[in-house]
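Notes follow the structure.
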Amino acid sequence: MAMRQTPLTCSGHTRPVVDLAFSGITPYGYFLISACKDGKPMMRHGDTGDWIGTFLGHKGAVWGATLNTDATKAATAAADFTAKVWDAVSGDEVLTLAHKHIVKTVNFTKDSTCLLTGGNDKLLRLYDLINPEAAPQEIAGHTSAIKKALWCNNDKQILSAADDKTIRLWDRSSMEEVKQLKFDTAVSSMEYLADGEILVITYGKTIGFYNALSLDLIKTVDAPAPINSASLHPDKEFFVAGGEDFKLYKFDYGTKEELESYKGHFGPVHCVRFSPDGELYASGSEDGTLRLWQTAVGKTYGLWKCVLPEELGLENSEPLYTTPPEIKA
């Protein structure tokens, strides 16, 4: 009998959780930020889901949130026509970047000196964080709202996904479009893995994997329900996806076989991401919660503790958890 997946439930938000992101691994562990329609992005310890703080200052729904690699800075994108940069250690607001419409996505360069934004005004903006008073560089081309924008290829190029049913690759120095992918339906999410230059996108019930530099298709996998988000494990052994049927699916990346599916949320899953060490994945939902799921069920990690039968003095027994089925973080 397979052991039961016991997700950690992170409560605190009062509206749907629409985006989440992990930091890299720091000397203090790794961290998780969540964007929510309640306008109050939250930062947590990534391995346990324990709340650290809430960034207060936005006056509308927060659609996008990210942390820089070492978790010293956070950035958020919101419906109040601003993107904000925060000190992720103190929680203080550092910068407010005014836009002309709703901002949907934010992404730092690796060195945290430049912030990329995108949103409903169809423009990509590049803000110099060393000289924040300077006007941002702007890249036009999308014909509908930009949903996600990410740095790639060592920050020399930019990937953007928009409601115009395209994904576009841009050159940072020339600001020109390099390549474009067209789809029959809007792209619901996009993830970039620098290791291997892999782009993971979702549209309809399909999860697609592309070479991020050439935009050549690697493979597609169809899920049982419309998918809103997918994430590839750092070791590229498997990937997870979540969507409209409230479930989390885990697939073998090599064979494309569905390995597991879990239901824990009480609403559609809007976002899912693997932690930087690959030990867990986090999901955010319409139900207002984040949930953390173990990659290898039964492993002792974070707040999960596996007790083996011999430790209990039991014979012919299944491994048991010491954690209750529902853990509130």
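The values are calculated or read from the model by the stated rules, or taken from the named source; none is laboratory data. All of these numbers come straight from a predicted model, not from anything done at the bench. Here the Cβ positions follow ideal geometry from the backbone for every residue, glycine too, while neighbour counts run over all protein chains shown. SASA here: full protein model, heavy atoms, side chains in, ligands and nucleic acids out. Shrake-Rupley method; radii C 1.70, N 1.55, O 1.52, S 1.80 Å.
What value in Å³ per residue do you get for the convex hull of the alpha-carbon atoms in the stretch 2-131? Kindly include the intermediate steps, with their values, before the conclusion.
On the way: hull volume 16.0 nm³, N = 130.
For the stretch 2-131, the hull spanned by Cα atoms encloses 123 Å³ per residue.
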Quantify, in whole percent, the carbon and sulfur part of the accessible surface of the chain (1.4 Å probe; protein heavy atoms only).
51 percent
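Using the Cβ atoms and a cut-off under 12 Å, what net charge is assigned to the surroundings of A79, where Lys and Arg are +1 and Asp and Glu are -1?
Neighbourhood net charge equals +2.
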Taking 20 °C and 1.002 mPa s as the conditions, I'd like the Stokes-Einstein D for the stretch 192-314 in µm²/s, using the Kirkwood hydrodynamic radius from alpha carbon pairs.
141 µm²/s
Dipole axis of the chain (+1 Lys, Arg; -1 Asp, Glu on Cβ), positive-most option in F238, G12, S261:
G12
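How long are the three semi-axes of the equivalent ellipsoid for the stretch 23-70, computed from the Cα gyration tensor as the root of 5 times each eigenvalue, in whole Å, largest first? Working shown, then result.
Numbers: eigenvalues 88, 22, 12 Å².
Computed over the stretch 23-70, the values are 21, 11, 8 Å.
Is the shape of the stretch 128-184 rounded, prolate or oblate, going by the alpha carbon gyration tensor and its root eigenvalues a ≥ b ≥ c, with a/c under 1.5 for rounded and a/b larger than b/c for prolate?
prolate
So what is the relative contact order of the stretch 47-104, in percent, for Cα pairs below 8 Å that sit 6 or more residues apart? Walk me through the intermediate numbers first.
Details: 113 pairs, mean separation 17.3, N = 58.
30 percent.
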Relative contact order of the chain: what whole-number percent is it, with Cα pairs under 8 angstrom and at least 6 residues apart?
15 percent
Rg/Rh for the stretch 73-151: what does it come to with C-alpha atoms and Rh from Kirkwood?
0.94
Please get the size of the charge dipole for the stretch 10-54, origin at its Cα centre, with Cβ charges of +1 on Lys and Arg and -1 on Asp and Glu, quoted in debye to the nearest 20.
160 debye
Can you check what the net charge comes to around D121, using other residues whose Cβ is under 11 Å from the Cβ of D121 (Lys, Arg +1; Asp, Glu -1)?
+3
Wrap a convex hull around the Cα atoms of the stretch 215-258, take a quarter of its surface area, and give that in square nanometres.
3.3 nm²
Cα principal axis extents for the stretch 183-226, largest first, Å
29, 18, 15
Which of the listed residues, T202, I158, S174, is farthest toward the dipole's positive end in the stretch 129-227, when Lys, Arg count +1 and Asp, Glu count -1 at the beta-carbon?
T202
HN-Hα J in Hz across the stretch 76-89 - Karplus 6.51, -1.76, 1.60, θ = phi - 60°, x for Gly and Pro
9, 10, 9, 7, 8, 6, 9, 10, 10, 10, 10, 7, 7, 8
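With only Lys, Arg, Asp and Glu charged, each at its Cβ (+1 for the first two, -1 for the last two), find how big the charge dipole of the stretch 113-167 is about the Cα centre; round to the nearest 20 debye. Mind dumping the intermediate values first?
On the way: 6 positive and 7 negative charges, 50 e Å.
Computed charge dipole of the stretch 113-167: roughly 240 debye.
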Sorted largest first, extent of the stretch 170-264 alpha carbons per principal axis (Å)
46, 28, 20
For the peptides 210-217, 27-34, 80-87, what is the packing order when you average, over each peptide's residues, the other Cβ atoms within 10 Å and list the highest mean first?
80-87, 27-34, 210-217
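Heavy-atom accessible area per residue, the chain, 1.4 Å probe: how many Å²? The partial results should precede the final answer.
Values: 13650 Å² over 329 residues.
Value for the chain: 41 Å² per residue.
So what's the net charge close to G46: Lys and Arg +1, Asp and Glu -1, counting the other residues with Cβ under 14 Å from its Cβ? Present the calculation step by step, with values, prior to reporting the outcome.
Values: positive: R44, R273, R291; negative: D47, D50, D70, D277, E279.
Neighbour charge sum, excluding G46 itself: -2.
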Please list, in order along the stretch 95-109, the HN-Hα scalar couplings obtained from phi with the Karplus expression 6.51 cos²θ - 1.76 cosθ + 1.60 (θ = phi - 60°), rounded to whole Hz, x for Gly and Pro.
9, 10, 10, 6, 10, 9, 7, 4, 9, 10, 8, 9, 7, 7, 5
Just for the Cα atoms in the chain, what are the lengths along the principal axes, largest first, rounded to whole Å?
69, 42, 33
Two-site label geometry, T69 and A98: point separation in nm, points 7 Å out along Cα→Cβ
3.4 nm
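Can you tell me how the stretch 73-116 classifies by the Cα gyration tensor, rounded, prolate or oblate, using a/c under 1.5 as the rounded cut?
Values: a/c = 2.33, a/b = 1.38, b/c = 1.69.
The shape class here is oblate.
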